[in-house]
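Worksheet: the structure to be examined is printed underneath.
Rule-based calculations on the coordinates, nothing more; no lab input. Computed from a prediction, not measured in an experiment: that's the story for all the values here. Here Cβ is always computed from backbone atoms with ideal geometry, including for glycine, and neighbour counts include all displayed protein chains.
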Amino acid sequence: MSELISNLNYVEQDLARLANLYQTTKPRLVAVSKYQSQEKIEELLKAGHKVFAENLVQEAMSKWSGLKERYKNIELQMVGHLQSNKVKQAVGLFDVIASVDSIKLAKKLKDEMDKQKKQLAIYLQVNIAGEQQKTGFSVAEISEAIKIIRNELGFEIKALMCVPPNEANPVPYFAKLKQIARKNDVKECSMGMSNDYEKAIAVHTDEVRIGSLIFGKRIK
Ligand SMILES: *Cc1c(COP(=O)(O)O)cnc(C)c1O
């Protein structure tokens, strides 16, 4: 078995172990394939893995257009900041926009989905620690944004997503996201990456997004 597949198996088993330990449902595993080659991705597809994420539209287009033709029932998520001028391509390619970070972007997505007659799921990204360099709705504005995006744009918001600060203990941030989701009746949370997924599972995340633990260290 290749190292890549044994990493994937290891992660899946660890998610099952932790879900059992923390008495929750095993979270969905999103394989974050940004900066990874098409060959590596295809190896995971052949092994039956179906949920992936990218953070750049251009890169995702070049790697995934062909793969999505050949492999059906794939779920491809966009997890990076989506610029307005890439919305059209993004709606054409992705199945989930997991990084909706403004009402303006949600509106653009809605218009484009109507135009292309294609329904994508959306997650709202929360800038959970109020970091300067990160996009996302602030904790102060998220509840109002959820109302507007639901009631005025007619979206069902599938999940809330966050990336906590690098150095800090992520537990209070994960707990906060969970609390915001519950308060606003959003069913799922997407949180937890290679370095902190155990802590996200401890607060019962529904989805983890893992890159380097599966693929090995990224060059970028
Ligand atoms: C890169 C990335 C991940 C995966 O990070 P790893 O530390 O490699 O597991 C998860 N979520 C987002 C939004 C990312 O950009």
Task: Most mobile of Gln83, Gln125, Gln36 in a GNM of the chain (Cα contacts under 10 Å) - done: Gln83
Task: segment 20-133: equivalent-ellipsoid semi-axes (sqrt of 5 x gyration tensor eigenvalues, Cα, Å) - done: 23, 20, 14
Open item on the list: Under the 0.36 nm per residue contour assumption, what length would be gained going from the current alpha-carbon distance of Asn73 and Glu144 to full extension?
Closed with: 22.2 nm
Open item on the list: Give me the one-decimal nm value for the distance between modelled label points at Glu3 and Gln58, 7 Å along each residue's Cα-to-Cβ direction.
Closed with: 2.9
Task: Amide H within-cut-off set for Arg28, under 5 Å, with H built and near neighbours excluded - done: Glu207, Val208
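Indicate the gyration tensor shape class of the chain (rounded, prolate or oblate), computed on the Cα atoms with a ≥ b ≥ c the square roots of the eigenvalues: a/c under 1.5 is rounded; otherwise a/b larger than b/c is prolate and the rest oblate.
Values: a/c = 1.72, a/b = 1.10, b/c = 1.56.
Cα axes put the chain in the oblate bin.
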Task: Highest-MSF residue in the chain out of Lys63, Lys40, Lys72 [GNM, Cα springs under 10 Å] - done: Lys72
- [ ] Count the net charge of all other residues whose Cβ sits under 11 Å from the Cβ of Ala175, scoring Lys and Arg as +1 and Asp and Glu as -1.
- [x] +4
Task: Test item: Cα-centred dipole of segment 72-220, Lys/Arg +1 and Asp/Glu -1 on Cβ, debye - done: 380
Task: Mean projected area (nm²) of the alpha-carbon convex hull when segment 149-220 is viewed from all directions - done: 6.0
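Mind checking the dipole of segment 1-77: about its Cα centre, +1 per Lys or Arg Cβ, -1 per Asp or Glu Cβ, Debye to the nearest 20?
On the way: 11 positive and 10 negative charges, 49 e Å.
Approximately 240 debye in magnitude.
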